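Colleague: Sharing a structure with you now.
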Amino acid sequence: MSHPPHPPHQLPYQQASGPYPSAPGWPQQYAGAMPVGGPPAGCEVCGASPAAPVTVRGHQGMLVIMRFLRRQGMFCRTCALAVFRDMQADTMVLGWWGPISVFVTPFTLLANVSALSGIKQIPAPVTAGWRPPLDPGKPVFRRPAGVLALIPLGVLGLLLLAVQILLVIGLVAESSGSDHPTLTVGSCVRNDGDWIDQDLRTVPCGSADAQFRVSDPSTSVCLPEDHRAGLEYSKDGATSFCLRSLK
């Protein structure tokens, strides 16, 4: 007995042939032309584009030990700014608690400032991602962490200023302490120190303070009992004058 042919199977729905509409609540995709070379890189946090490689560093000092932190990846401008502000604020509070960390933390903060200049060059997102971006929050120095960080930063600044002042004082003292007279042939001197640490002073040859007369070893022979003046007492810094006793 023959059966009538089965009717063709009907699909319970009609498949759309055009672009699919976005579901309510889903972000709209970028409708512009596809850039040359493929789509722009997306942010690894939210998926928005364009994104760029960003590296932000952090530091934690813990008295004896310390931790070097790093957050590296492809971020959009908004997420990169959020990562920078969080890492910078945490370092400003937690980075000082160690004898070595006191010196490491300022360099870490400066490196992040350099990274911030690169973050600001990332264009604003033009393609929405699959999730909301990170919240950048307030700027670093408008947060409690930034206000607290002004204390160690101020102390460090004062220390650096004190070191510079001490260096200037030391240079002035050294220059004043090395103010040796320049000896000339035929002049007379006295030595207020010993012959290892000479302190020669020029005096009039007819005064009672005159102890030695200066002679040039290149024109006259130094006697065995003569003393030698230090090189610093010559104009060229290379001649050692003979000092012949007047008494």
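Colleague: I'd like the carbon and sulfur percentage of the solvent accessible area for segment 51-127, probe radius 1.4 Å, heavy atoms only, ligands and nucleic acids excluded.
Modeller: The nonpolar share, carbon plus sulfur, comes to 66 percent.
Colleague: Report the net charge of residues surrounding MET87, where surrounding means a beta-carbon distance below 10 angstrom and charges are Lys +1, Arg +1, Asp -1, Glu -1.
Modeller: After counting each charged neighbour, the total is +2.
Colleague: For segment 56-128, what is the accessible area per residue in Å², given a 1.4 Å probe and the full set of protein chains?
Modeller: 54
Colleague: So, counting K/R as plus one and D/E as minus one, what does the shell of residues with Cβ under 12 Å around VAL104 add up to? The partial results should precede the final answer.
Modeller: Values: positive: ARG57, ARG67; negative: none.
For residues surrounding VAL104, the net value is +2.
Colleague: With all pairs of different alpha carbon atoms counted, what Kirkwood hydrodynamic radius in Å does segment 184-246 show?
Modeller: Computed over Cα pairs of segment 184-246, the Kirkwood hydrodynamic radius comes out at 11.7 Å.
Colleague: Of ILE65, ILE122, which has the most accessible area and how do the rest follow, probe 1.4 Å? Mind showing how you got there, number by number?
Modeller: On the way: ILE65 105, ILE122 10 Å².
The ranking, largest first, comes out as ILE65, ILE122.
Colleague: How much solvent-accessible surface does THR184 expose, in Å² to the nearest 10, with a 1.4 Å probe and all protein chains in place?
Modeller: For THR184, solvent-accessible area is about 80 Å².
Colleague: In addition: Can you compute the radius of gyration and Dmax for segment 77-201, using only the Cα atoms, both in Å?
Modeller: Calculated on Cα positions, Rg and Dmax stand at 27.5, 94 Å.
The values are calculated or read from the model by the stated rules, or taken from the named source; none is laboratory data. Keep in mind that what you see is a predicted model, and the values were worked out from it rather than measured. A quick note on method: Cβ atoms are made from the backbone with ideal geometry, for glycine too, and the neighbour counts reach across all protein chains shown. With ligands, DNA and RNA removed, areas are computed over all heavy atoms of the protein, side chains included. Shrake-Rupley method; radii C 1.70, N 1.55, O 1.52, S 1.80 Å.
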